[in-house]
Ligand code: FAD
């Protein structure tokens, strides 16, 4: 019998429940369909596509080497592509791992219905999360809205064992029609695109994800708790894009961290748990998006419906380009542009600055992140932005407005992060690097007595004044709502 294995955000061979089920069949057609319009309004952004292309190439090679299977590439309507394969081959079953984005859930539900009506067997699996969003509920049987009780419940639940790839060599081969596209056909590349500079900064694919995990566990997990907030250190796992594309599963990660915990004889328990907890934040983001799909572009907390966040293209552009004149904000934004990623603390700081100091709409920030992050993920991005804007489920309280100067002094005490991303400020002494506009003449480097840095802009807002206005705006809203 023949099965289709439809790959989506699960671009790996190991611990891939849908693939393992498909491999029970004599013949397997591995399929990838590029259908960005089906994900609208959240079609993958440019940085995502840059990553995806290479992740697919890596999967294509792995399938060929391990199983002698040729990944079939299609574009256009997913249903039509699947039906076309079914018509050409004697397909009996279709397998996939689930997706949680509202638009993609609708696509999958519809396809399942149509295929079932045609008498096909369709089976879906959990290939992306520790627990499915509906598996964790409170005592009333409702979804959680606050992380800590969600987490306490989740860690008590028995987790699924890892799924092993079958030992037997499955050299199934299906002669599939000439419709196959190549991966390169899907992504038009041009040498001058900004994201091409990510080249060489990331290793992509299943093997790379496991190498990264092992490197992190061996070198950094023990210092994770203490150093994860330090902006200049690379003390976090940098697994988020690998997780988003499913090159590694959170269960595989937990398996390794639990083993490490065991080997360490409980020496680094706190650090390991601090890291594992972040994987549950990821599950929590998916839990919220699944149960409250409207929050992909609407406030979670109804109190903030119609809150007067502004749209201002000029301010937005300055923020996007890292030209706000606030060094820590600009360093974060330039890290994003140069690498496709940004340190988590910097994400919180630039998001607080956009929504509170600049008073701009959180969706304007979220959309920029969506296009520029290699780990852009609708569940995590929505969670992060709504948390920062104060309108999320378990949000930062409205009066919490990150001060980029004190945050910098605390988490980038030597100014290393600023110097890395803002070379025009590299000559400034630590004392003034986080707030150059406050420097007195005495603080200034002697050779630059007139201007601190001719290339660096003055702040586009006064931090204290804009903070006060934000507090008034949010405060008044809270009292009226
Ligand atoms: P680690 O600290 O090593 O954490 C391990 C894993 O846990 C991460 O890879 C990630 O999958 C998950 N995780 C960590 N922190 C969070 C979090 N706060 N929420 C949900 N999951 C988390 N993360 C994304 O994956 N995609 C996004 O689009 C995204 N947008 C964000 C937007 C804002 C405004 C904020 C404040 C945060 C956002 N995050 C997003 C969460 C977080 O910043 C990144 O997951 C993290 O920086 C990735 O680095 P890491 O893999 O080294 O994380």
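The values are calculated or read from the model by the stated rules, or taken from the named source; none is laboratory data. Worth saying up front: this structure is predicted, and the values here are computed from it rather than measured. Cβ: placed from backbone, ideal geometry, glycine included. Neighbour counts: every protein chain shown.
Going through (1) touching a residue at least 60 places away in the same chain (Cβ under 8 Å); (2) buried (at least 19 other Cβ atoms within 10 Å of the Cβ); (3) away from the ligand (no atom under 11 Å from the Cβ) one by one, residue 288 falls short only on (3). Can you name the residue in the range 22-42 that is more than 18 Å from residue 81 (Cβ to Cβ) and modelled with pLDDT of 95 or more and is also farthest from the chain's Cα centre (by Cα) among such residues? In this case the residue turns out to be 41.
Taking the numbered list (1) touching a helix residue (DSSP H, G or I) at 6+ places or on another chain (Cβ under 8 Å); (2) more than 11 Å from the ligand (Cβ to nearest atom) in turn, residue 277 passes all entries but (2). If you check 13, 69 for being surrounded by 22 or more Cβ atoms within 10 Å (Cβ to Cβ) and either in contact (Cβ under 8 Å) with a residue 60 or more places away in the chain or part of a strand (DSSP E or B) (or both), only one passes: 69.
Among the residues of the range 410-424, those identified as under 20 Å from residue 325 (Cβ atoms), part of a loop (DSSP other than H, G, I, E, B) and over 24 Å from the mean Cα position of the chain (by Cα) are 415, 422.
To keep it simple, each residue is scored yes or no on (1) buried (at least 18 other Cβ atoms within 10 Å of the Cβ); (2) touching a strand residue (DSSP E or B) at 6+ places or on another chain (Cβ under 6 Å); (3) at pLDDT below 95.
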| residue | (1), (2), (3) |
| --- | --- |
| 59 | yes, no, no |
| 77 | no, no, no |
| 80 | no, no, no |
| 84 | no, no, yes |
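Looking only at residues of the range 388-407 that are crowded, with 24+ Cβ neighbours inside 10 Å and part of a helix (DSSP H, G or I), we find that the one that is nearest to the ligand (Cβ to nearest atom) is 388. Within the range 213-227, being surrounded by fewer than 19 Cβ atoms within 10 Å (Cβ to Cβ), at pLDDT 95 or above and touching a helix residue (DSSP H, G or I) at 6+ places or on another chain (Cβ under 9 Å) holds for one residue alone: 214. Filtering the range 20-43 to residues that are assigned to a helix (DSSP H, G or I) and either free of Cβ contacts under 8 Å to residues at least 40 places away in the same chain or touching a helix residue (DSSP H, G or I) at 6+ places or on another chain (Cβ under 9 Å) (or both) leaves 36, 37, 38, 39.
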